[in-house]
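Single-structure report; data block below.
The values are calculated or read from the model by the stated rules, or taken from the named source; none is laboratory data. All figures in this text were calculated on a predicted structure; none of them were measured in a lab. Neighbour counts are summed over all protein chains in view; Cβ atoms, including those assigned to glycine, are modelled from backbone coordinates with ideal geometry.
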Amino acid sequence: VDEERGISITQEDVNQLILARSGLSLDQKSLIKHFSTSVDELENIYLAGAFGNYINTDNAIAVGLFPDAKEKVVKIGNGALAGARQMLLSQEKRKEAEEIARKIKHLKPNEEEGFFDAFVDGIRFESWR
């Protein structure tokens, strides 16, 4: 609490962090499982947007938002804007993006068996690898 600057943390703030942390880690673990890989095998972990650009990576890892692999974290800023710009300026990049879009598979972790138990397990503040 910083009364001079009017900053405080409420129980609701903590609850929202717990839910976000559980959801993010569950989604990441679902992707890793789906592609039969591991954090160790990932080359990079890209963080985009204002959230990814400004988050304190050490703190995010400490509360389990991301795996303990700081050396792999790459902050790319506004990835959507950069991608749109590339597609407007390059037909080759546009074709590449269209090819990637055709390969995208929508995963729904909340429809997988064991989702609820995994979500509840994710509520604990533990780092993961």
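Structure above, values below:
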read-out: Residue count, the range 64-77 (criterion: in contact with a Gly (Cβ under 6 Å, 6 or more places away or on another chain) and either more than 20 Å from Ala50 (Cα to Cα) or in a loop (DSSP other than H, G, I, E, B) (or both)); value: 0
read-out: Lone qualifier among Ala62, Ala80, Ala84 - being aliphatic (A, V, I, L, M), exposed (fewer than 12 other Cβ atoms within 10 Å of the Cβ) and at pLDDT 85 or above; value: Ala80
read-out: Yes/no for Leu26 being under 25 Å from Val14 (Cα atoms), out of contact with any strand residue (DSSP E or B) (no Cβ under 7 Å at 6 or more places or on another chain) and of a type in the set (A, V, I, L, M, F, W, C); value: yes
read-out: Single condition Asp13 does not satisfy, out of (1) out of contact with any strand residue (DSSP E or B) (no Cβ under 6 Å at 6 or more places or on another chain); (2) surrounded by 12 or more Cβ atoms within 10 Å (Cβ to Cβ); (3) modelled with pLDDT of 90 or more; value: (2)
read-out: Among the residues listed as Ser25, Ser30, the single one being touching a Pro at 6+ places or on another chain (Cβ under 6 Å) and either surrounded by 15 or more Cβ atoms within 10 Å (Cβ to Cβ) or part of a helix (DSSP H, G or I) (or both); value: Ser30
read-out: Filter result for the condition that a residue is touching a residue at least 24 places away in the same chain (Cβ under 8 Å), assigned to a helix (DSSP H, G or I) and more than 22 Å from Gly122 (Cβ to Cβ), over Ala84, Ala97, Ala101, Ala80; value: Ala80
read-out: Yes/no for Ala60 being of a type outside the set (Asp, Glu), within 20 Å of Gln16 (Cβ to Cβ), in a helix (DSSP H, G or I) and under 17 Å from the mean Cα position of the chain (by Cα); value: yes
read-out: Residues of the range 1-17 that turn out to be over 14 Å from Val63 (Cβ atoms) and of a type in the set (S, T, N, Q), as a count; value: 3
read-out: Inter-residue pairs, beta-carbon under 6 Å, first under 17 Å from Ala118 (Cα atoms) and in the range 11-26, second of a type in the set (Gly, Ala, Ser) and at pLDDT below 90, 6+ apart; value: Arg21/Gly64; Ser22/Gly122; Ser25/Gly64; Ser25/Gly122; Leu26/Ala118; Leu26/Gly122
